[in-house]
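A short worksheet on the structure shown next.
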Amino acid sequence: MSLIFSFIPYIKRLIVLILILFGLAVGFILSKALFDLSIYSNAVFDFMIDKSSYNVAYFSSSLIGALGIISFIGLVLLVGSWVERRMIAKFQIRVGPNRVGIFGLLQPIADAIKLMQKEVLVPAVADKLLFFIAPVAIFIPAILAWAPIPWGPNMTYLNINIGILYIFAVSSLTVPIIFFAGWSSMNHYALLGSMRTVAMMVSYEIPISLSLLSVVIITGTLNLTEIVLWQSSNSIWLGLLIPFSLFTFFFSSTAEINRTPNDIAEAESEIVAGYHIEYSGMKAGLFMAVELGNAVLLGALVTSLFLNGWFLFGLENYIPPYIIFIAKTVAIYIVLIWLRATLPRFRLDQLMNFAWKMLIPVSIINFFMIAIETTIITNLDSSKYIIYLFAIINIAVFVGLIILWSKIFKIDKFSPEKIAPIFAQKIGGIKAMEGTKSVD
Amino acid sequence: MTVQENYELNIGPQHPSTHGVFRIKVSMNGETIEDLDMIVGYLHRSMEKLSEERTYTQNIPFTDRADYLAAMSNNLGYCLAIEKLANVIPPQRATVLRVIFAELQRIASHAMANGTLVSDAGAWQTPLLYMFREREKILDLFEMTCGARLTTNYMRIGGVAFEPPAEFYPLLNDLLGELPDKIDEYMDLLSTNEIFIARTKNVGIINPKDAINASLSGPALRGSGVPWDLRKADPYCDYDNYDFDVPLGLIGDSYDRFMVRMFEVKESVKIIKQALNNLPLGMHKTQIPLALRPEPGQLYFRTEGPRGELGYFVVSDGGPAPYRLHIRPPSLINLSLLKQLAIGSSLPDAIVTLGSIDIVVGEIDR
Amino acid sequence: MIEFSTYNVIFFSISSFTLISAISVGLVNSLMRSLFFLILTFIGVAGLFILLSADFIAIAQLLIYAGSISILLLFAVMLTPESSTNNGNSKYFLPGILIGIIFTYLMVALVTIFQFNQLSGIHLKKLDFDNTIASIGELLLGKYIIAFELASILLLFALIGAISIVRSNESDFLISLNNKDKK
Amino acid sequence: MIELEYYLIVSILLFGIGLFVCIGKKNIISIVMGIELLLNAVNLAAISFSRYGSEFESQSDALSGHIFVIFILTVAAAEAAIALALCVLVYRHLKTINVSDVSELG
Amino acid sequence: MVLTNLQVPGKELSEIITEFSSDSVLDFSEDWVQIDKSNLLKILNFMHTNSNIDAAQLCNLTAVDMLDYFEVHYHLQSLDLKKLYSLKVIIDRDTSSLPSICDIYLGANLQEREIFDLFGITFTNHPDLRRIFLWEGFAGHPLRKDFLQMENVTPGLPSFPFEEEGKQNR
């Protein structure tokens, strides 16, 4: 009997595993119907078109799409915080939340409820209007930026042909809002935090725009869906073709959304919580939710721009394409959590030096290289395999540039190979020290 | 730039990176620190006044509440001082047990110091929890022998309070077995991590002459390369028949102090192994008269605590209680250079420097 | 004559939103709040551009006005500390209102009298630009290439000038920190 | 239907408000804000003309309004940068950015 | 009279000091040398700079309230010669002030502030002499023996709590 008892915790996990597999199987069988979710909004459109005018039909069908995306974001916010806490716990050899619900799955809901019933404190000297508007206003760009993301073959909510520029404009809207959040709470820490964020975000928008520019040049369109189609038609992932843009985009947008290793804004050990220090209750919850939403948004952007969106070597004909897209997004999100769990934080001026002295010049060079390559690809219409040659060249140049640059600017002042300890030959003060110095 | 008045910032008593109730008033111009003022005393219990109304044995629990992260080494220092004053000779087995527990406490306190330094530099407490894994094992060993994990109150005048239980030695052996490669694991995780190097290299550099003049001691002094360790210079508890090395730093920045503490843990493991090999049999405590009355006189006795030179200045007037007991706080005196180090540097650097000097507020305020 | 259709509703709501926030830029007494309403006006004008199906210009407006010029104004307000509180009215407050009203009255009269609709045909042929960005790109680098280059030079001079004016001696934090690393 | 006139009236109102802010405000930064409002009003008028004009033969002619606005955007950005640099300089020397105080030349 | 093994015996230290400045050693015993308050700085400077004494580091600075006078103890150590020197200065209770040694030993700064805070001994030309532990408005100095003016309470512990009379092994 004791044998069975010792298996109790494992039986629980076994049951959950079986449940997940069963769900996948049912989903797979049903997925023939769930392949392309746009059928449903079109059906609503056709139904409404003969009932009333074009605008009302268009509006109601787009409502269905919006509902889909907002529910996905809601799901992400709930499950995301659970995944993040469990992952960081696993990195730190501890268990993470497992009390509330099975495996702690209800922990995010418990957090949300706790935050909601907390009293909302408003500093007396705070600028009431900006103080109340900032947390709400910071959420709008985070959701707006989801519109042009291509989930599936024709499942893009807003298939506008300036997709990248739209995302760039919406993300640059958050900067003044963060500043108002920090400034309006009239707290020294908050002001210092918001000034730091604004300085960092402004100086990291340039590397992002340069890296996105090289993507636009090589694919020829700004529309995200067409970028994904270009990647699948030329059967190469942009992440491999232009690796430096992928690195720049990924690193600079960690700075843009204040995640480690550049979470300067709310650096716990220095300025306690940066710009959202005075917010309590659900307002603080909103700021944390936005940070989580931005992280997953970054994952979605990287997958659609660099990792060939919903294509996975022909797998998309069997599995619904948006499942692949979500899988890739979650993969990038896990990389972000991994960064957050392990890396310490940059100092602000190191961050700025890195952006201005390393990222911008090297991405300009990278941008020229890719311009040359696109002219070769488009005008000389050479064979299809030249792209792979370019991919290899680009990777080599990428590695060479980074090593070259770090040597020129001697950014790595300290070569980090293993350090041999220096032991004292004889015990004493200054004279004894001269002894040891001359020896080694 | 425009001459606006400096930007007052209170890194106040409640702050994640001040290691306890310790307040720094900083006036900054932009990101650079113009002026720094340390405000101490939030944890001042006036231990020295209380110790004048308690007998020598009753004062032992005070000492492990002075530096609550290194209770064993505090007890050791106090008991050795009183034994020397009342010339009580502890049995051989007690001295070796004392060395074992003092070195275990040094490992636990260094794990705490380096862990908090790394989480000050920004890593989300991951290295801290790795180091706490070892610290937990050591604290379990303490709990096994003397019932308490933090304020151990384990040493008595004339020996050690209890004999460690039977299962103490096998547990200690396999802890010592796995500890060195755990240290290598942290070293790979941190010492070659570019961001950690960028954050701690050339931060808070103390040159040896200033370190000696400002009477720094312990890892802060050895970080600047000064080869001074009381266990070698003034061997108490017959440390001289253990062979171990004293690691030194190169230029005295936060990175060197971090590495000095890391290597010191390895040396402590060597010491404990040698101590365990020749642990003599015999009594763990000699009998001392209940009303211990050392003859009038004064004594300044020093031991090498994890944070530096832990001195006890005892003046006795022949009565059962010390006429005057002064504890030399290494944490407080190591801070005498903090102002020069912080002025001119930025706030994150000052926080990392404070973390690398490794203070415990209980010891500062006594 | 204005029948109720979604297009009208959207137009009137966005334009009233823009005008109200534009008015409150002038009337609010704290400079930071007036800056906030200015950003709302920029977003409202971007909405109007979308109604005029000029999608590239709407996004560019959002990006440049609401994204960067507002940050410039933010930094200016921060660098002049006590100014961020008073957004008081100069002594020409009433003449300002008078001039504003007279100007709008005259221009509106001009617009209504000259019947712009008849001049440019009653039912204006609405050109639905569906894809403006491609043709704007060609125009910018085709017909207006000189103006494009001049604009880039102008931007270069303006920014270098602005930086060299404001930058004072070596008190800049980043420089001082770099020198510290170097020695 | 929404005609050209409605858009022109909105841009004129915006222009009037810009004028009011420029004239009626004491603070240099508010005046710069007023100028931004004026430029926005001009942009709006340009785009509405390019949208409702019917004499254009091809789309490229119709887009001339857009090009016009793009150049206004760049000029506005450059002008705002210079204006605010000057404003900071004025503050540094005269400790005030109140327009009526900044009157003597010396 | 107890000596730690690095400590230089009083007699030897007093000879060194008298040979430097004759009248400054007022008294010495096995483990301390009492020097005159007036030329304290001169002696410390001499010990700090002289190479064969080389008192490089100030270990400890404490004060003891001996009911009718204060004793301030300086423990200096030389790292290279591995020697510990302990000096003592006697100052009377009412005009309790001493010259500050901050400019010779930087480490003395905080310790002198602590002595000022707990004993009330003022150190002349100390960089910023103010209370370190207690708040400014605190009346009195706790470590003085006459701090608690209760009538039947005598400072210190006169006898062991459970001891019967006569059997104390004084």
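Rundown of residues vs (1) at pLDDT below 80; (2) touching a helix residue (DSSP H, G or I) at 6+ places or on another chain (Cβ under 9 Å); (3) surrounded by fewer than 19 Cβ atoms within 10 Å (Cβ to Cβ), yes/no style:
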site	(1), (2), (3)
E:ASN60	no, yes, no
E:ALA63	no, yes, no
E:LEU106	no, yes, no
E:ARG113	no, no, no
E:PHE119	no, no, no
E:TRP135	no, no, yes
E:GLU151	yes, no, yes
E:PHE162	yes, no, yes
E:GLY166	yes, no, yes
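Listed by position, the helices (runs of 4 or more DSSP H) contained in the stretch D:1-68 that have at least 3 residues being at pLDDT 85 or above are D:4-24, D:28-52. If we scan the stretch B:302-311, do we find a residue that is farther than 27 Å from E:GLU71 by Cα and either in contact with a Lys or Arg (Cβ under 6 Å, 6 or more places away or on another chain) or surrounded by fewer than 17 Cβ atoms within 10 Å (Cβ to Cβ) (or both)? Scanning the stretch B:302-311 turns up at least one residue that is farther than 27 Å from E:GLU71 by Cα and either in contact with a Lys or Arg (Cβ under 6 Å, 6 or more places away or on another chain) or surrounded by fewer than 17 Cβ atoms within 10 Å (Cβ to Cβ) (or both).
So, in the stretch B:196-219, of the ones that are out of contact with any Pro (no Cβ under 6 Å at 6 or more places or on another chain) and closer than 17 Å to B:ARG302 by Cα, which residue ends up nearest to the other protein chains (Cβ to nearest Cβ)? If we take residues in the stretch B:196-219 being out of contact with any Pro (no Cβ under 6 Å at 6 or more places or on another chain) and closer than 17 Å to B:ARG302 by Cα, then B:SER215 is nearest to the other protein chains (Cβ to nearest Cβ). The residue that is modelled with the highest pLDDT, counting only those in the stretch C:127-149 that are at the interface with chain D (Cβ under 7 Å from one of its Cβ atoms) and assigned to a loop (DSSP other than H, G, I, E, B), is C:TYR144. Say we look at the stretch B:187-215 and pick out the residues that are among the hydroxyl-bearing types (Ser, Thr, Tyr) and either buried (at least 20 other Cβ atoms within 10 Å of the Cβ) or in contact with a Cys (Cβ under 9 Å, 6 or more places away or on another chain) (or both); which of these is farthest from A:MET433 (Cα to Cα)? Within the stretch B:187-215, the match that is farthest from A:MET433 (Cα to Cα) is B:THR200. Residues of the stretch A:149-168 that are more than 14 Å from chain C (Cβ to nearest Cβ) and surrounded by fewer than 20 Cβ atoms within 10 Å (Cβ to Cβ): A:PRO153, A:ASN154, A:TYR157. Residue check: is B:GLY249 of a type in the set (Gly, Ala, Ser) and either in contact with a Cys (Cβ under 6 Å, 6 or more places away or on another chain) or at positive phi (or both)? The answer is no for B:GLY249. Checking each residue of the stretch E:91-100 against the condition of being more than 14 Å from chain A (Cβ to nearest Cβ), within 15 Å of the chain's Cα centre (by Cα) and aliphatic (A, V, I, L, M) gives at least one match. Only one of the listed residues (E:TYR74, E:TYR69) is in contact (Cβ under 8 Å) with a residue 12 or more places away in the chain, within 13 Å of the chain's Cα centre (by Cα) and surrounded by fewer than 21 Cβ atoms within 10 Å (Cβ to Cβ). That residue is E:TYR69. Name the residues in the stretch A:130-146 that are without any contact (Cβ under 8 Å) to a residue 40 or more places away in the chain and either more than 11 Å from chain C (Cβ to nearest Cβ) or touching a Lys or Arg at 6+ places or on another chain (Cβ under 6 Å) (or both), would you? Residue satisfying the conditions is A:PHE132 alone. Here are C:LEU94, C:LEU106, C:LEU62: which of them is modelled with pLDDT of 90 or more and more than 7 Å from every other protein chain (Cβ to nearest Cβ)? Of C:LEU94, C:LEU106, C:LEU62, the one residue that is modelled with pLDDT of 90 or more and more than 7 Å from every other protein chain (Cβ to nearest Cβ) is C:LEU106.
You will find that of B:SER27, B:SER51, B:SER73, the residue that is within 14 Å of chain E (Cβ to nearest Cβ) and either crowded, with 20+ Cβ neighbours inside 10 Å or among the polar types (S, T, N, Q) (or both) is B:SER51 and no other. Among the numbered criteria (1) surrounded by fewer than 21 Cβ atoms within 10 Å (Cβ to Cβ); (2) more than 8 Å from chain C (Cβ to nearest Cβ); (3) in contact (Cβ under 8 Å) with a residue 24 or more places away in the chain, which one does D:GLU3 miss? Every listed condition holds for D:GLU3 apart from (2).
Of all residues in the stretch A:233-244, how many are assigned to a helix (DSSP H, G or I) and either hydrophobic (A, V, I, L, M, F, W, C) or under 15 Å from A:THR374 (Cα atoms) (or both)? Residues that pass the stated criteria total 4. Only one of the numbered conditions (1) within 18 Å of the chain's Cα centre (by Cα); (2) away from chain E (no Cβ under 12 Å); (3) at pLDDT below 90 is not met by B:VAL269, and that is (3). Condition check for A:TRP230 on (1) assigned to a loop (DSSP other than H, G, I, E, B); (2) more than 29 Å from B:SER27 (Cβ to Cβ): one failure, at (1). Can you confirm whether A:LEU307 is aliphatic (A, V, I, L, M) and surrounded by 20 or more Cβ atoms within 10 Å (Cβ to Cβ)? Answer is yes for this residue. Looking only at residues that are within 10 Å of chain D (Cβ to nearest Cβ) and touching a residue at least 40 places away in the same chain (Cβ under 8 Å) in the stretch C:29-54, which one is farthest from D:VAL69 (Cα to Cα)? The selected residue is C:LEU31.
For the residues A:ASN366, A:ASN317, the requirement of being in contact (Cβ under 8 Å) with a residue 40 or more places away in the chain and among the polar types (S, T, N, Q) singles out A:ASN366.
Candidates in the stretch B:77-125 are the residues that are of a type outside the set (A, V, I, L, M), touching a residue at least 24 places away in the same chain (Cβ under 8 Å) and touching a Phe, Trp or Tyr at 6+ places or on another chain (Cβ under 7 Å); of these, the one that is farthest from the other protein chains (Cβ to nearest Cβ) is B:PHE101. Might you let me know whether the stretch C:1-13 holds any residue that is of a type in the set (Val, Ile, Thr) and modelled with pLDDT of 90 or more? No, the conditions are met nowhere in the stretch C:1-13.
Scanning the stretch B:234-254 for residues being more than 18 Å from the chain's Cα centre (by Cα) and in a helix (DSSP H, G or I) gives a total of 2. Scanning the stretch B:85-144 for residues that are basic (Lys, Arg) and in contact with a helix residue (DSSP H, G or I) (Cβ under 9 Å, 6 or more places away or on another chain) yields B:ARG98, B:ARG106, B:ARG133, B:ARG135, B:LYS137.
The values are calculated or read from the model by the stated rules, or taken from the named source; none is laboratory data. Please read these numbers as outputs of a predicted model, since none were measured by experiment. Neighbour counts are summed over all protein chains in view; Cβ atoms, including those assigned to glycine, are modelled from backbone coordinates with ideal geometry.
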